[in-house]
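The structure appears below as structure tokens.
The values are calculated or read from the model by the stated rules, or taken from the named source; none is laboratory data. In this text the structure is predicted, and so the values were computed from the model without any measurement. Cβ sites come from the backbone with ideal geometry, for glycine too, and all protein chains shown count toward neighbours. Ligands, DNA and RNA are stripped out before the accessible areas are found, and what is left, the full protein with its side chains, is counted by its heavy atoms. Shrake-Rupley method; radii C 1.70, N 1.55, O 1.52, S 1.80 Å.
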Amino acid sequence: MTRSFPSVHFVLTSVAMLGFVAGMVSAVLPDDAPASASDAKFSAEEVRFYNEQVQPLLEQNCYDCHGKGKIKGGLRLTSRHAILEGGDSGAAVDFQQVDASPLMEAVNYESYEMPPSGKLPDEQIALIRRWIEKGLPMPETDEADPIAEKAHRSPQVDDDTRNHWSFLAVKRPSSPDVQHAEWVTNPIDAFVLARLEQAGLSPAPPAAKQALIRRVTYDLTGLPPSPDEVDAFVADESPDAYERLVERLLDSPHYGEHWARYWLDLVRYAESNSFERDNPKPFVWRYRDYVIKSLNDDKPYNRFIREQLAGDELDEPTPGSIIATGFYRLGIWDDEPADPLLAYYDGLDDIAATTSQALLGLTLNCARCHEHKLDPIPQHDYYRFVAFFGNIQHYGKRADDTVAAASLRDVVLPEETSLYAKQAADYGQQLSDIREQVSLLEAKVLPQLVGGEKDDFQDASSRLDILRRGIGRLIDEPDFKDYERLKKKLAKLEANPPRAASRVLSIKEHGAEAPPAHVLIRGNPHVEGAEVDPGFPSVLSPPDPAIRPPAHGESSGRRRALAEWIASPENPLTARVMANRIWQWHFGRGIVRSPNNFGLQGVAPTHPLLLDWLAAEFVGRGWSLKSMHRLILMSNTYRMASSVGEQGVGGGDQGAGTGEPATERGGRDRDPQNDLFWQFNMRRLRAEEVRDSILAVNGRLNTSKMFGPSIYPVIPPEVLAGQSRPGQGWGTSGDEDVRRRSIYIHLKRSLMVPILAAFDVAETDKTCPVRFATTQPTQALGMLNSTFISEQVNWFAAFLREHAGDDPPAQVRLALRRVTQREPTEAEISRGLQLIKVLETEHGRTPEESLHDFCLTALNLNEFLYLD
């Protein structure tokens, strides 16, 4: 796989690049040329010259891309005003140097090639030159239409755009009044119910307890509840039974393993570099473990952000905060780029895109080559944002040693502190002993020194040479040999202090002084524009960044300034974006359905007041994710059924002739997308949940081993053969490891585990805010006929024989109980037995084979793969 910037030839021949042409040179007018469209006064003869000779030429050759419809490069050629204003970066003509005008260079095919269909005849080029020399005469009626101009112009930073809902400061709204206040357990319910009542809808009734424990257990841990856990919860009639269940799940170490996967999707986590070799990223799994531990510890989200953006620049960096900066190293990396400078800026763009979209919900990267077309983000603002990262060392140059030099650090992890302390103490004692012996020998020499020797001896590096020349006068041969030996030993020790036991993938900068940053014309790193300083998006009316280099002098402090602004309660986006994500990860979709895009063209929030209330509450609760989980999970909104089996709040009769409750019929008719949350959305298990659940059902899932280097499940040879180097970079793991949770599987960008790939595992080349939930043949094939499912079904059948003996009814009952996490009905058990009988009598299957086939069927039930 090859990833590269378009070739220079392609760029220069693209019609879309005429805007670049126009932006390369500012319009410089001669003294007698009209300065603007409103100043233009042309004679009738000059206007006739344009109408009869120039305008037909432009219409035939240029208007397809630069006419009154959709324009390319931001340049229209239909009015004098538009030509003088130019494209994305400036004017298309230079009245002082006509032949140097970007428009003339383009039609002359000197630097650019316009039109791309073929060079104009010389006489037509001369005609365009005469037109420019005349000052671009055009009829007044063809001057710019302000409405049309605004329609084609990128959104500007002005009062209108600054007042976009997500750019305004978060203000906590009051909880609304509702008619059915008895349904409200906390303000979340009030905000949701108010919208439902306005629409004439009622919320669905509560979910059954069996469905609720399955929902919330998967929601918080990504694993199914055990049948015993379901039985205990269903039987518990105490009023705080559900609250205690939530607390138990939040305290589970498996909470961090599950919720880490959401964050890893956002930050494009993978463990290899992509491109042809797709080599592994050294020690990247420590970042994954950092995320799991941070979530289990309920680390405040603002601290979580600061550590990842600037963990090495904090006042007191920790091993964890250094590991957190591995965030910067998660993207793709080309180890032999055709254009190294372009590859470096591609890396910076990846960081800027991930940071702005994941943390701010802004697509700043769309302004890399030109003004943002949809949001008020000037290209200048993009490069000011990139300047925060401009001092970062590139991931590597090519060989592994360059990656180690640029991206690896030695740190002492907490579990290694005592070991390292002992090593450091032993090292210090050795240094002290040797230095004392050296000093004793040098003390004998000092009285013998004469003349300039006394001055030269002050320089420690000169002492060995002085003594070598003074053997027999200053020092005898045996003492000199001891001195020489001690000095060598001392130099070796000083050059090799005890090394921390762990290496981590992290960020490094080039030092305290950052290089100048520039706007890159059309995103081309070889064409620098104006110099820029680090800064935040101007549409947010932000403060100037407070940049203070850290005391260690190894970095510029720019990333710390960015981290502090993003993590600030005053930032209008950070809390909103994360509150929306938390809601999305609980309900299946966000209050804003475009979670990475809170800009002008992002999807508007369905419940804007609720979102602002959640954002304010998030900050008010110390940026605690677990506190937000409790708030959401304890709401009646979360506890609604996914299908309406009875009347909702506010009553309602059965739908006439439908057999459906009025609540469900009304919701489907008036709100088919469930925008108002009148019921809970059913969802399919995510890819990792599918695999982990299969292992859990058959009793094989290893949940006791957490953290550490990633694992390598068996991948069939047919899949490995699809690599450019079949099997390259895919190791082997023992039985104990391959049964671990999917979060610990090695994520190789060019080689996905088939069961995960089939069920829409995240795309890792860029930030992934929402996974697809497709229905495709490979899912059914993988669940019926893959090597993985065949092996797991064998284990499931063995589990049933071990725990239910050779009694088919007991085997069927146990299988269904483990798959559905509920007690099966007699009718369901009967159907299972009937299937086994048919397999044996009509298809000649043995009892062992028919049990195998029944287990396969059970694992393909919708009730196993979907959550109510």
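For this structure, a couple of remarks:
- Going through [x] 87, 66, 53; [y] 108, 96, 60; [z] 96, 71, 64, the figure that equals Cα extents along the principal axes in Å as computed for the structure here is [y].
- Heavy-atom accessible surface of the range 716-868: percent carbon and sulfur, 1.4 Å: 55 percent
- Our note on the geometry: Cα centres of the range 304-373 and the range 41-102, 40 Å apart.
- Distance between the range 799-868 and the range 240-302 - C-alpha centres, whole angstrom: 35 Å
- Model label points for Arg503 and Ala169, set 7 angstrom from Cα along the Cα-to-Cβ axis, are 4.9 nm apart.
- Within straight-line cross-link reach of Lys41, lysines at Cα separation under 27 Å, skipping those fewer than 8 residues along the same chain: Lys68, Lys134, Lys150
- Annotation: aspartates and glutamates with alpha-carbon distance below 16 angstrom to Lys72 (same-chain offsets under eight excluded): Glu59, Asp64, Glu85, Asp88, Glu113, Glu149, Glu371.
- Set of the range 419-443 residues, backbone N closer than 14 Å to the point 7 Å along the Cα-Cβ line of Arg485: 434, 437-438
- Helix-only [θ]222 nm of the chain, DSSP H runs n ≥ 4, -39500 (n - 2.57) each, per residue, nearest 500: -13500 deg cm²/dmol
- For Lys488, the aspartates and glutamates whose Cα comes closer than 19 Å to its Cα, not counting residues fewer than 8 places off in the same chain, are Asp426, Asp433, Glu436, Glu442, Asp459, Asp465, Asp476, Glu477, Asp479.
- Per-pair calculated FRET efficiency, R0 = 60 Å: Asp669 and Asp533 via Cβ, rounded to 0.05: 0.60
- Our estimate of slack between His552 and Thr841, defined as 0.36 nm per intervening residue step minus the Cα-Cα distance, is 96.2 nm.
- The H on the amide N of Ser272, modeled in the peptide plane, is under 5 Å from the matching H of Lys281, Arg749, each at least 5 residues off or on a different chain.
- Of the complete DSSP H runs in the chain, none spans 30 angstrom or more by Cα along the long axis with a mean Kyte-Doolittle score not below 1.0.
- Charge sum, other residues only, whose C-beta stays under 14 Å from Val532's C-beta, Lys/Arg counted +1 and Asp/Glu -1: -2
- Share of carbon and sulfur in the accessible heavy-atom surface of the range 189-265 [1.4 Å probe, %]: 54 percent
- Summary of the geometry: the range 459-483 and the range 752-771, compared by the centres of their Cα atoms, lie 68 Å apart.
- Shown for the range 388-444: the carbon plus sulfur share of the solvent-accessible area, taken with all protein chains present and a 1.4 angstrom probe, equals 56%.
- With all protein chains kept in place, the per residue accessible area of the chain amounts to 44 square angstrom at a probe of 1.4 angstrom.
- At 1.567 mPa s and 4 °C, Stokes D of the range 222-272 from Kirkwood alpha-carbon radius, µm² per second: 99 µm²/s
- Peptides 50-59, 851-860 ranked from most to least packed by the mean count of surrounding Cβ atoms within 10 Å: 851-860, 50-59.
- Straightening the chain between Ala780 and Asn681 buys 33.4 nm, computed as 0.36 nm per residue apart minus the Cα-Cα spacing.
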